[in-house]
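The values are calculated or read from the model by the stated rules, or taken from the named source; none is laboratory data. Note that the coordinates shown come from a computational prediction; the quantities given were computed from them, not determined experimentally. Cβ coordinates were reconstructed from backbone atoms using ideal geometry, including for glycine residues, and neighbour counts include every protein chain displayed.
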Amino acid sequence: MLNTAIKGVVIDNAIIKPVDFVLPVPQLSVLVLLLSILLSALALIYVKDLGRCLYIQYGDLQQTAQRLTVDRDRLMLEESAWANSIRVQEIAKQQLGMKFPETKDVVLLEF
């Protein structure tokens, strides 16, 4: 049976002594496999949690985008209503007392 030696240090009453830990190769292989399984399980948990968080954030961003689209459409409709030429003419006549000039009042300038 093959053995693998791992050097370590043991502190005994303030005296440092080197100690060899000897593990058989099959036990070392099992230990490495268990550690790799544990690490892959932790990585899987992390990735799944990250995926859930990103999916929730994606849904929130979609709702925000939809709300902003509705607001933009409402504002564009409101802008077109405010900029309607008939409405502007009515406000000019009623509130500012403006009127179209008559033909005799129009002066044509030439340069």
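Things worth noting here:
- Some residue of segment 27-40 being β-branched (Val, Ile, Thr), in a helix (DSSP H, G or I), surrounded by fewer than 10 Cβ atoms within 10 Å (Cβ to Cβ) and at pLDDT below 95: no
- Among the residues of this structure, residue 76 counts as one that is within 43 Å of the chain's Cα centre (by Cα) and modelled with pLDDT of 85 or more.
- Answer residue from segment 79-111, given it is small (Gly, Ala, Ser) and in a helix (DSSP H, G or I) and is farthest from the chain's Cα centre (by Cα) among those: 92
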